[in-house]
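Written out below as structure tokens is the structure these notes cover.
The values are calculated or read from the model by the stated rules, or taken from the named source; none is laboratory data. The structure presented is a predicted model; accordingly, all values stated were derived computationally and were not measured. Cβ coordinates were reconstructed from backbone atoms using ideal geometry, including for glycine residues, and neighbour counts include every protein chain displayed. These accessible areas exclude ligands, DNA and RNA; they are computed on the full protein's heavy atoms, side chains included. Shrake-Rupley method; radii C 1.70, N 1.55, O 1.52, S 1.80 Å.
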Amino acid sequence: MNRLSPAVSRAIARVTDSALGPYQTAVLRIGLALTWLLFLLREYPHRQELYGPNGPWSWDLAAQLVGSNDAFTVLLWSDSRLWFEAVYALAVLFSLLLLLGWRTRTMAALFMAGVLTLQNRSVFMGDGGDNVLHIMAIYLVFTRCGQVWSLDARRARRAAEARARGERTPDRAGPTLWAVLGLVLLLGSLSGRTDGDWFIPALLWAVWLGQAAWWLVGRPARTDQPRVLLDVVANVVHNGALLVIMAEACLIYATAGWYKVQGSRWQDGTAVHYPLHLEYFSPWPSLAELLTASGTLVMLVTYVTVAVQVAFPFTLFNRRVKNVLLSFMILEHAVIAVVLGLPFFSLAMIAADAVFLPTSFLRRTGRVAARARERLRPREGAAPVPAQRRPDGAPGGPPGGPPAVDPAEASPVTDQVPGTRT
């Protein structure tokens, strides 16, 4: 027992001292927001038929269903066309702001509300990816997904630099946004619009109150103890949510794989042949014909798909095998997006798979993206500054200035605690 105590202490310290997987949750945030944003933009000309008053699933039918299952949707607060257009436009806006990482905690909650609002309005308008997006949008609210690759991380870095120079940077946008959303929540609660589903309104209120507590303890006149306590709570909640997200992704693959094993078409190796010849799933008939021309190839793809889905949860204990299967599944979803015409399902699954990507790979990707951005957007009129090297041989910053900071790695957390390896 004594031998386990140091290991247990280190594990507890790691869970409470830092939010693990900052790059993985950032990719999850970007992937989910991008998927929903692209879907809303693509379906914008058909929004009235999908979720609005012109759809076959009428407002009265939706009201009856929501009344029986207590689902959350603000579209049933009014049957006005103006109300629908405003909600749809806000859903697009929240997706874009979450993608950019602006006020990620608040935007994650509003993004979740937008996803649930539209999906619960017309429950039959989906292709499987909507279920993944539905679940992951709720889990994302509990994560600290704006630590890297976000406008929040850049703002926090600039605020820290300003404090180091003795300057104050008052935050006016945050309190204003908090006050407006609090008023909306209060009006919705007083009008009885949130009486059906209790969980989502309670979660929105918890986020709203949590933001208030975070702002109060973060004021310069306050001591550090309350902020440290809230930081520990936020880390524990984040790490628990990240674990649930990983378990959910494993459950999706394990369930799909074991159900496929029981199917006769998957057992005889012909299951992949049939969806490729359905008109609904054949945007490129000639490509489908080419892929199904070889019976051996169809059988091989069928069996490999089942084997990978069943085996993936068990490969998490071996990093190299996990990375190989993960690469195969991401490639498989990319093929599904093109061949079967299911781009948003594939994007949602790839975003969920991203929580298993190695941190080293994500950091290299971030550095490459940062260098590409600098090449595409050079500073006008700025002469290149020769880079110096520190005594250890690592690249340094400009002469007489602070050491260079990688834009992909700079954040309030990862400057002290590097990302985890998964």
*Determine the dipole magnitude for segment 159-201: charges of +1 sit on the beta-carbon of Lys and Arg, -1 on that of Asp and Glu, nothing else is charged, the reference point is the Cα centre, and the result goes in debye to the nearest 20.*
240
*Solvent-accessible area per residue for segment 332-373 (1.4 angstrom probe, square angstrom)*: 39
*Working with all protein chains in place, sort Ser80, Ser122 by solvent-accessible area computed with a 1.4 Å probe, largest first.*
Ser80, Ser122
*Just how large is the dipole of segment 146-303 about the Cα centre, in debye to the nearest 20, putting +1 at every Lys and Arg Cβ and -1 at every Asp and Glu Cβ?*
920
_Counting each pair of different Cα atoms once, what's the Kirkwood radius of segment 19-147 in Å, rounded to one decimal?_
14.9
*From the P(r) of segment 247-389, can you give the percent of Cα pairs sitting at distances over 22 Å?*
53
*Please name which of Leu28, Trp83, Gln225 has its Cα lying farthest along the dipole of the chain towards the positive end, using unit charges on Cβ (Lys, Arg +1; Asp, Glu -1) and the Cα centre as origin.*
Gln225
*On full extension of the chain, what length is gained from Asp171 through Glu248, given 0.36 nm per residue of separation minus the C-alpha to C-alpha distance?*
24.1 nm
*asked:* So, for segment 60-114, what is the accessible surface per residue at a probe of 1.4 Å, expressed in square angstrom?
replied: 42
*P(r) for segment 121-256: what percent of alpha-carbon pairs falls in each 5 Å bin, starting at zero?*
2, 7, 11, 16, 19, 16, 12, 8, 5, 2, 1, 0
*Could you tell me what fraction of 2.2 N^0.38 Å the Cα radius of gyration of the chain comes to, as a two-decimal ratio?*
1.10
*Put +1 on the Cβ of each Lys and Arg and -1 on the Cβ of each Asp and Glu in segment 267-361; which of Gln309, Met299, Leu340 then has its Cα farthest toward the positive end of the dipole?*
Gln309
*Using alpha-carbon pairs under 8 Å, 6+ residues apart, how would you state the relative contact order of segment 1-129 in percent?*
30
_Over segment 82-238, relative contact order from alpha-carbon pairs under 8 Å, at least 6 apart, %_ = 22
*asked:* Give me the 1.4 Å probe accessible area per residue for segment 134-214, excluding ligands and nucleic acids, in Å².
replied: 58
*With all protein chains present, calculate the accessible area of Phe199 using a 1.4 Å probe and round the result to the nearest 10 Å².*
80
*Suppose every K and R has +1 on its Cβ and every D and E has -1 on its Cβ; what is the size of the dipole of the chain about the Cα centre, in Debye to the nearest 20?*
2000
_Helix-derived mean residue ellipticity, 222 nm - over the chain, DSSP H n ≥ 4, -39500 (n - 2.57), to 500_ = -21000 deg cm²/dmol
*With the full set of protein chains in place, find how many percent of the accessible area of segment 93-209 is carbon and sulfur; take the probe as 1.4 Å.*
64
*Mean separation of Cα pairs under 8 Å and 6+ residues apart, divided by the residue count of the chain: what relative contact order is that in percent?*
23
*asked:* I need the calculated FRET efficiency for the pair Ala334 and Leu82, taking r as the beta carbon distance and R₀ as 30 Å, to the nearest 0.05.
replied: 0.15
*Once Lys and Arg get +1 and Asp and Glu get -1 on their Cβ, which of Ala137, Pro175, Ala256 lies farthest toward the positive end of the dipole of the chain?*
Pro175
*Points 7 angstrom from Cα along the Cβ direction at Arg371 and Trp198: gap in nanometres?*
5.6
*asked:* On a 1.4 Å probe surface of the protein chains, which of Leu38, Leu204 comes out largest in accessible area, and what is the full order?
replied: Leu38, Leu204
